[in-house]
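Chemist: Provided herewith is a single structure, encoded as structure tokens, for subsequent inquiry.
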Amino acid sequence: MEAFLILPILLFSVVVHEVAHGWMALRLGDSTAKEMGRLTLNPIPHIDLFGSILVPLFSYLAAGTVFIAWAKPVPVNPMNFKNSRRDDILVSAVGPFSNLLVALGCALLVGIWSGMIGPVDRSMVGLEGSFLTLLPQMLLIGITLNIYLAVFNLIPVPPLDGSHIVASLLPSEVGEQYRRIGFLGIFAIILLMRVDFFRSFVISIVKAMHIPYALVIQLFT
């Protein structure tokens, strides 16, 4: 049942992530994403069958949580930037930041919900659940899921956002060689997430980042 609740918030979150990249690129002088119709919250242009559905589903079935997911990357042409290094960092960083904002929005809604109706009980999940049960459950899942997405995307392994930030800080030739790892890096991440130490490290960061969101909810209760 929890997988049923994860899919809608997951799709929304990865779409917001990609739209944020395109929005920042547009602000910095690159209109490529806008011209290709990618500055939309409509999930259809953004869905990647492998990264948006199959990999998250496998992750949930194998590990009990979604730690890896992505949508189709928005097209960005760094040649349109005034300062390619700085602007590439900004475009890359805004994606994970947007997920933290989505998590904050979820926390605020859960807090308001709890203040008006009562605390949300995560054990009350089921197909028989009413709207008053399922929506706050989805919002709670959205907090954790978006923190995971932000942390995951900041891992400095290509093609994740963290790698773009690192590549832009490296000397040009080294940075270009680093970027060429491309989507092969995804398999490295999948293997790393099977290593107990690395997985525990990522989970500990997510738990630590969850604390301020829990405090936001408590403000309303």
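Chemist: Looking only at segment 144-174, how many residues end up being among the hydroxyl-bearing types (Ser, Thr, Tyr) and modelled with pLDDT under 90? Outline the logic, then answer.
Modeler: From segment 144-174, those among the hydroxyl-bearing types (Ser, Thr, Tyr) are 144, 148, 163, 168, 172; that's our starting set.
Within this subset, residues satisfying the condition of being modelled with pLDDT under 90 are 172.
Going through segment 144-174 one residue at a time, the tally reaches 1.
Chemist: Considering only segment 59-66, I want to know if a residue exists there that is modelled with pLDDT under 80, part of a loop (DSSP other than H, G, I, E, B), over 14 Å from the mean Cα position of the chain (by Cα) and not β-branched (Val, Ile, Thr).
Modeler: From segment 59-66, those modelled with pLDDT under 80 are 59-66; that's our starting set.
After this cut, where a residue has to be part of a loop (DSSP other than H, G, I, E, B) as well, the list is 64-66.
So of that shortlist, the ones also over 14 Å from the mean Cα position of the chain (by Cα) come out as 64.
With the extra rule that they be not β-branched (Val, Ile, Thr), the set shrinks to 64.
Yes - at least one qualifying residue is present in segment 59-66.
Chemist: While we're looking at this one, here's another question. Across segment 37-54, which residue is nearest to Ile190 (Cα to Cα) among those that are of a type in the set (Gly, Ala, Ser) and outside any loop (DSSP other than H, G, I, E, B)? Show your work before the answer.
Modeler: Of all residues in segment 37-54, those of a type in the set (Gly, Ala, Ser) come to 37, 51-52.
In the following step, the residues that additionally are outside any loop (DSSP other than H, G, I, E, B) were identified as 51-52.
Numbers: Gly51: 12, Ser52: 15 Å.
For segment 37-54, the residue satisfying everything is Gly51.
Chemist: Right, something else. With the condition kept exactly as written, say whether any residue in segment 175-184 is of a type in the set (Gly, Ala, Ser), at pLDDT 90 or above and under 24 Å from Ser98 (Cβ atoms). Walk me through it before giving the result.
Modeler: From segment 175-184, those of a type in the set (Gly, Ala, Ser) are 175, 182; that's our starting set.
With at pLDDT 90 or above added as a condition, the list becomes none.
Within segment 175-184, not a single residue is of a type in the set (Gly, Ala, Ser), at pLDDT 90 or above and under 24 Å from Ser98 (Cβ atoms).
Chemist: Which residues, taken from segment 21-37, are within 17 Å of the chain's Cα centre (by Cα) and not small (Gly, Ala, Ser)? Before the answer, list the steps.
Modeler: First pass over segment 21-37, keeping only residues within 17 Å of the chain's Cα centre (by Cα): 21-24.
Result: His21, Trp23, Met24.
Chemist: Based on what the data block shows, is Ile141 modelled with pLDDT under 85 and either out of contact with any Asp or Glu (no Cβ under 6 Å at 6 or more places or on another chain) or surrounded by 15 or more Cβ atoms within 10 Å (Cβ to Cβ) (or both)? Spell out how you get there, then give the answer.
Modeler: Details: modelled with pLDDT under 85: no; either out of contact with any Asp or Glu (no Cβ under 6 Å at 6 or more places or on another chain) or surrounded by 15 or more Cβ atoms within 10 Å (Cβ to Cβ) (or both): yes.
In short, no.
Chemist: Taking Val55 as the residue in question, decide whether it is β-branched (Val, Ile, Thr) and at pLDDT 90 or above. Steps first, please.
Modeler: On the way: β-branched (Val, Ile, Thr): yes; at pLDDT 90 or above: no.
Taking the combined requirement at face value, the residue does not satisfy it.
Chemist: What are the pairs with Cβ atoms under 7 angstrom where one residue, in segment 155-171, is over 16 Å from Lys72 (Cα atoms) and surrounded by fewer than 18 Cβ atoms within 10 Å (Cβ to Cβ) and the other, located anywhere, is modelled with pLDDT of 90 or more and among the β-branched types (Val, Ile, Thr)? Sequence gap at least six, or different chains.
Modeler: Pro156/Val166
Chemist: Oh, and also: Do you know which residues across segment 22-36 are part of a helix (DSSP H, G or I) and more than 15 Å from Met79 (Cβ to Cβ)?
Modeler: Residues satisfying the conditions are Gly22, Trp23, Met24, Arg27, Lys34.
Chemist: Looking at (1) in a helix (DSSP H, G or I); (2) surrounded by fewer than 17 Cβ atoms within 10 Å (Cβ to Cβ); (3) of a type in the set (Phe, Trp, Tyr), which is the only condition Phe220 fails?
Modeler: All conditions are met except number (1).
The values are calculated or read from the model by the stated rules, or taken from the named source; none is laboratory data. Quick caveat: nothing in here was measured; it's all calculated off a predicted structure. Ideal geometry is used to build each Cβ from the backbone, glycine not excepted, and the neighbour counts take in all protein chains shown.
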